[in-house]
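The next block holds one structure in the form of structure tokens; read it before the comments.
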Amino acid sequence: MAKKEEKKDIGITVKKSDNSSEWYTQVIQKAEMADYTEVSGCMVLRPRSYAIWEKVQEYFNKELKKRGIKNAYFPLLIPEKFFKKESEHVEGFTPEVAWVTHSGDTKLAEKLAVRPTSETIMYDSYSKWIRSYRDLPLRINQWANVVRWEFKNPVPFLRTREFLWQEGHTVFATKKEAEAEVLDIIELYRQVFEDCYAVPMITGKKSEKEKFAGAVYTTSIETFLPVGKAIQGGTSHFLGQNFSKVFNIQFLDKNEKTQYGWQNSWGITTRGIGVMIFFHGDDKGLVIPPAVAPTHAVIVPIYMKDKEKVLKAANKIKASIKGYDIILDDRDEYTPGYKYGDWEMKGVPVRIEIGPKDIEKKQVVMVRRDTGEKAFVPVKDINTKLKSLLKDIQKNLLETAKKSLKNNIVQVKDWKEFLKAIKDKKMVKAAWCEETECEEWIQDKSGGAKSINIPFDQPKKIPEKCCRCGKKAKSVALFAKSY
């Protein structure tokens with residue numbers, strides 16, 4: 001095999017535990033997941049990361065179809081008059097909105113908001129489409145990009161000014177139907193993160209302070225990254241009749257009486273990719289769960305003199321593997337060792353090695369990315385072994401992530417224990433009064449720890465007093481510093 005001088009910086013040069021921020025930056029760039037642009041907070045999703053997003057789309061679209069939810073698309077630009085209709089909504093989003101004010105040198109008669117979320121543009125259409133109870137439920141999802149401008153310290157995938165997402169917007173005839181969907185969707189989001197990204201999530205309700213602007217209440221999925229910060233995975237909002245009254249979304253019920261619709265909105269974003277990277281990545285780079293892996297296995301041929309013979313066997317093996325995305329790395333300018341490091345960094349779940357001795361023994365060597373374990377596999381058993389190996393890798397990644405999440409949640413009894421847990425970069429589980437004033441005090445005095453959510457899974461007996469203010473506790477909530 002011809003050899004050339006190989007790059008010394010191909011691998012990750014910093015440990016995840018030493019400098020997680022620099023580690024993450026190197027991983028997303030060297031593993032060809034994303035690239036920075038000249039506009040702060042806007043990034044390029046390279047083909048490898050976009051392929052992961054496509055797998056999530058495929059999974060989620062199947063679930064939408066099961067529920068009778070249809071995909072559509074609405075405009076990127078929203079007239080200012082639409083945006084200003086719901087006062088709480090506009091107040092919540094105004095700092096984040098990017099506005100189009102000119103066409104060339106000509107000033108527009110009305111400013112247009114670049115979509116930060118689509119409630120207002122979609123509900124104007126809904127008010128025209130809905131006339132009778134027979135038009136309900138109306139359940140529409142769109143896959144789109146959004147722009148939210150107001151923030152500091154962008155982090156690719158986790159916190160960017162422009163990002164990709166899906167947003168569902170639904171209208172029901174009754175409150176009961178709408179609230180049932182809120183819970184169904186938030187549970188579906190938990191399922192998406194576990195089944196696709198192998199990341200555990202905690203479902204719960206947001207505080208009044210942290211709820212979506214314009215919602216009656218917000219439910220969310222939350223997790224805690226191994227690097228010491230909480231992060232939100234997705235939200236499902238019960239909007240009640242707040243928007244239907246503003247946008248005049250009315251219908252005649254079965255008794256021919258005029259009623260306002262009951263509404264929800266819900267969404268998950270490309271943030272999930274960043275969550276996956278932080279949860280599973282190691283000092284070698286990415287570890288991608290098989291369910292969303294752009295490439296399931298890479299075949300690395302090993303030869304010195306028998307190049308044609310080995311490549312022929314490798315090509316035959318590639319052709320024999322059915323139902324998976326396989327790459328044969330036949331780059332002649334790199335050594336097998338270089339290729340191992342390259343594909344480990346890119347997180348490919350399985351490496352398949354084959355050399356002259358393996359050909360003689362009618363076997364290959366399979367190496368799993370998550371544990372590094374090697375197995376000698378007869379050629380005739382490759383498909384069966386690969387299938388079971390990928391399934392086991394997916395399961396192992398989820399189980400490991402669940403242990404990490406559990407180990408990073410600390411139950412506290414008082415404010416002193418609360419502060420210690422936050423200092424130790426843990427997620428706090430504490431009895432809480434649920435009052436906004438208390439929440440703001442906690443965030444201020446703890447150096448930025450805020451309420452994450454109030455888990456649906458509550459203890460049978462809630463402690464009597466709030467861990468901070470001593471008032472009557474209403475629930476046990478999660479607090480942490482977060483992205």
Of the listed residues (Asp444, Asp414, Asp392, Asp381), the one being surrounded by 12 or more Cβ atoms within 10 Å (Cβ to Cβ), of a type outside the set (Lys, Arg), over 19 Å from Ser475 (Cα atoms) and more than 25 Å from the chain's Cα centre (by Cα) is Asp381
Taking segment 169-186 and keeping residues buried (at least 21 other Cβ atoms within 10 Å of the Cβ) and under 17 Å from Thr235 (Cβ atoms) leaves His169, Thr170, Ala178, Glu181, Val182, Ile185, Ile186
Condition set within 23 Å of Thr37 (Cα to Cα) and of a type in the set (Asp, Glu), scope segment 141-177, selection nearest to the chain's Cα centre (by Cα): answer is Glu162
Going through segment 66-92 in order, the residues found to be within 21 Å of Phe212 (Cα to Cα), basic (Lys, Arg) and part of a helix (DSSP H, G or I) are Lys81
* To do: State whether the residues of segment 373-394 include one that is touching a His at 6+ places or on another chain (Cβ under 8 Å) and over 25 Å from Glu208 (Cα atoms).
  => yes
Evaluate segment 260-275: report whether one residue or more is more than 30 Å from Ile69 (Cα to Cα), of a type in the set (A, V, I, L, M), at pLDDT 95 or above and in contact with a Leu (Cβ under 8 Å, 6 or more places away or on another chain).
no
When (1) surrounded by fewer than 15 Cβ atoms within 10 Å (Cβ to Cβ); (2) touching a residue at least 40 places away in the same chain (Cβ under 8 Å); (3) not assigned by TED's automatic domain parsing to the domain that holds Gly228 are applied to Gly11, the one that fails is (1)
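The values are calculated or read from the model by the stated rules, or taken from the named source; none is laboratory data. Predicted, not measured: the structure shown is a model, and the values here were computed from it. Here Cβ is always computed from backbone atoms with ideal geometry, including for glycine, and neighbour counts include all displayed protein chains.
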